[in-house]
Structures are given as structure tokens and as C-alpha cells.
Amino acid sequence: MVLPQQGDNDVVMVMDADTQLDDGFLAGAVVRFTNDRALMAVGGLFYGEQGHGLIGQFQRNEYIRYARQMRRRRGRVFVLTGTASLFRPVALRTIAESRNATIPGTPGDVYDTAALTEDNELTIALKSLGGLMISPQECTVVTELMPSWRTLWNQRLRWQRGALENIGAYGVTAPTLRYWAQQLGIGYGVIALSAYFALIALTIVSLETWIWFPFWLGLGFLFTLERLVTVWKGGWKARLLALTLFPELFFDMFLNLVYVKGIIDISFGRQASWKHLTHAAPARELSPSEA
């Protein structure tokens, strides 16, 4: 057992196998821990790897916007990302000791192994115990993207359902209020975006002559400008995709369908499971006689 042997000045890093730490990640985290002895965890800001065509660019734009939002929040954590996060040992030990007492889970376990989104659950657990955490802008990582719509659907369904099940397990408390509000906001977004597309379709089939309304044109321009500005650091591909607007709106609609599917599965008590992304086996090295 490693954790019981850790001292007060040690830190424990948890990261995914597909994560690449950017330069300065560890140094930045150490500085944060050194300057604030009350800080219990430091999470990374994640960006998407290159490649995977249009679906990859959708995800990269999404992650760029999330990182920008975290910077504007001055690092205030929503989720200690599983891509790469560091913890003080005392924080993890306290979580394990508090399981099945003040927080859900099996006594002695750091992670709730029943949770589909273990990083989100661990974040809520630490917040429920009063732990301080931060996701500073100097701690960035590059993470794997889903290469197909099927794998993206599976990933996001796990994320969405896991988030709902986590807050359901903790109930409505001060630390979970923001998470409940987020889910209500997503639900409202599903209704609003669906109504928007329905209104556009109804307008197209109802009008014999298309009418341009300056007010709505101006509002649409501002919305497009916001989408463009929020991915500016992603380069010309990110900007071009944001500027076209409707492809990203359809991507948002895809995520909304995932949200609805998660709600339906929970309502009917359907069993959830992990669906790991499979990778091709590395090529076998040639022997000297075969080379």
C-alpha cells in the first residue's frame, strides 16, 4: 500500500494512460501546493489531440471553450479531470475514511468503484468534505479524442449518466447545488435548441418569400462572434468551424440526444457499463532474419 506511507509534503498524481503532460504541468502544480498549504488537489486543463477529421475538431473546440471557461473562473474547479490531477495524501485518506459515513461509497476506498465517472465523483466527495482545489492555467494536458460518432456517443453517454448518478447519490447539498443547476441548464438547452431548429423548419415551410429581420440577423452575428472568439487560440481550423456556426449547433444537438438517452436509461433502470476505446495492436518487430 503506497498511500499510508505518504507524508504531508508528498503528492499523488492520477492520470490516464492516453494523457500527455504539457511542459510546466508538474512544476506549476508544485508551486501551487507549496504556496497554499490548505490546497488539497490540483487538476489539469485538457486539450484535444490532433487528427480525427471533423469529429476531432468538434471535440477540440469543445475542450478549448471549457479551458477558457476555467481560466475565466480563475481555476475554480468543476471537475478534477481524470486526465491528470494531483492530490495531497491526507485528502485521499480522508475520503477513504469518510466513505459510507459522510459521503457515499465503500469504507476504505478512495474511489467509488460503482461510479461511471470516477473523477467527477471524487471531486464531489472532496468538495463535500471541504477540500480546496484548483485547475490553474499553467497545468495543461493533451488527451485522446474519440475517432468516431459511435465511440463519442458511448463516451458522452457514460459521462452524462455518471454525472446524473453521482449527484443523485449525494442529493441536494451546498457542494452539489452547482451540479444540479448545470443539469437543469443542460435540460433547458435541449428544449431551447430543439425549439430553435423546429422554428427554423416551420418558418422555411410556411413562408413563400424569405424575410430578413435585422434584429435577428444582429443577434445571430453576435452569437457567431462569441463562438469564434472562444476558440480563437485553436488556430484557423477551429475558427473556420466556429464561423460556419451550424455544424457546431448540430454537434450540440448530438450531445443533447446523449443527455436525453441518459435520462431515459436512468428512468427505466437500464444497466450502464464502460465501453473502452480499442486500439490496434502495435506492429510486431521484425527479427534479424526477416529484416
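Just so it is clear, none of the values below were taken in a lab; they were calculated from the coordinates. Keep in mind the model is a prediction, meaning the values are calculated, not measured. As a convention, Cβ positions derive from the backbone with ideal geometry for all residues, glycine included, and neighbour counts pool all protein chains shown.
Brief remarks on what is shown
- Take 210-222, 140-152 and order them by the average number of nearby Cβ atoms within 10 Å per residue, most first; the result is 140-152, 210-222.
- Charge dipole magnitude, Cβ of K and R +1, D and E -1 - segment 181-267, Cα centre, debye nearest 20: 320 debye
- Under 20 Å of direct C-alpha separation, and excluding same-chain neighbours fewer than eight residues apart, K233 reaches these aspartates and glutamates: D22, D23, E49, E62, E138, E144, E248.
- Cα extents of segment 3-172 along the three principal axes, largest first (Å): 45, 35, 28
- Euclidean distance between Cα centres, segment 235-259 to segment 32-48, Å: 30 Å
- Nearest-ten-degree value, helix 149-170 long axis tilted from longest Cα axis of the chain: 60 degrees
- From least to most packed, judged by other beta carbons within 10 angstrom and beginning with the fewest, M15, M253 follow the order M253, M15.
- Shown here: segment 181-267, whose C-alpha atoms stretch 43, 40, 21 Å along the first, second and third principal axes, sorted largest to smallest.
- Calculated from backbone phi, Karplus (6.51, -1.76, 1.60) coupling profile of segment 113-122 in Hz, x at Gly/Pro: 5, 7, 7, 6, 10, 5, 5, 5, 5, 5
- Note on the chain: GNM, Cα springs under 10 Å; of R37, R76, R156, the largest mean-square fluctuation is that of R37.
- Only the Cβ atoms of Lys and Arg (+1) and of Asp and Glu (-1) were treated as charged; on that basis the dipole of the chain about its Cα centre amounts to roughly 720 debye.
- Sorted into 5 angstrom bins from 0, the C-alpha pair distances of the chain split as 1, 5, 10, 13, 16, 16, 13, 10, 7, 4, 3, 2, 1, 0, 0, 0 percent.
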